[in-house]
């Protein structure tokens, strides 16, 4: 499969600042229009991203949505009736032909009692309408719980050259054996892997030895940081698609025009990155 066909356009940057340099896409409709011309039709959005689906439909003729489902409103869980109503409203807005998949991303998966009823509602809707169904997760322990307790055919995971958690034999064997489609997100680690060290917040200074090592590795390989980060994920054959966000149409055009597929031998040193650096939810505690 060609690289372009693996791209899912992430929409988090359409309506809010995102990543380590807090960049927002100031003209998402322009980006969507370019994506449409390039025949990039997959968009990852969320029930939390206001109006994103309607705006994409207006501009993109053949959009396919991977919709992350939130079960909350202002940090409180919706009633099961309200949750089901919200899903059916989304289907009405988009039309079934434009939905590729639904996935959960903010439930406490490990709390089986709390999780079960929401899971059953969404699973049945997807099964009835022949849609992909799955979960967006952070850690292997979540996957281990889900694979033992539920049926699904799609999983979204964080995967990048600093985060090897899912590059393990057990995970790969199970997703291939059970024909579970794998989507990778956070491939640039919210910009840590692609931005110049000087543009990062000073709180990341304590990790300069790792960041400099990555910079020098790319320099030695004579490859851009963007291409090196993407190639790491593409080299994982169990990955079907990758989620990439863009802050402008020029970023998208540059990526498509300048991407170079290469087989790279990544240093084992990248497997020893500190947990606090490779997991963004720790970053707010940095001083």
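The values are calculated or read from the model by the stated rules, or taken from the named source; none is laboratory data. Because the structure is predicted, anything quoted here is derived from the model rather than measured. Neighbour counts run over all protein chains shown; Cβ positions are idealised from the backbone, glycine included.
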Test: residue 235 is under 20 Å from residue 183 (Cα atoms) and surrounded by fewer than 17 Cβ atoms within 10 Å (Cβ to Cβ): yes
Members of region 39-77 that are over 16 Å from residue 11 (Cβ atoms) and at pLDDT 85 or above: 39, 62
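Each row is one residue, and each column tells you yes or no for (1) surrounded by 12 or more Cβ atoms within 10 Å (Cβ to Cβ); (2) assigned to a loop (DSSP other than H, G, I, E, B); (3) within 21 Å of the chain's Cα centre (by Cα); (4) modelled with pLDDT of 95 or more.
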| residue | (1), (2), (3), (4) |
| --- | --- |
| 205 | no, no, no, no |
| 213 | yes, no, no, yes |
| 218 | yes, no, no, yes |
| 247 | yes, yes, yes, no |
| 251 | yes, no, yes, no |
Give me the pairs, please: first residue somewhere in region 27-43 and farther than 23 Å from residue 183 by Cα, second residue anywhere and in a helix (DSSP H, G or I), beta-carbon distance under 8 Å, and either six or more positions apart or on two chains. 27/249; 29/55; 29/58; 29/59; 30/249; 33/59; 33/249
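Name every residue in region 223-251 that is in contact with a strand residue (DSSP E or B) (Cβ under 8 Å, 6 or more places away or on another chain) and under 21 Å from residue 28 (Cα atoms), in order of residue number.
Hits for region 223-251 are 242, 243, 244, 245, 246, 247.
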Just to confirm my filter: which helices (runs of 4 or more DSSP H) fall fully inside region 56-161 and include at least 3 residues that are over 30 Å from residue 266 (Cβ atoms) and over 16 Å from the mean Cα position of the chain (by Cα)? 80-94, 112-128
Between 56, 87, which is touching a strand residue (DSSP E or B) at 6+ places or on another chain (Cβ under 6 Å), surrounded by 13 or more Cβ atoms within 10 Å (Cβ to Cβ) and under 24 Å from residue 185 (Cβ atoms)? 56
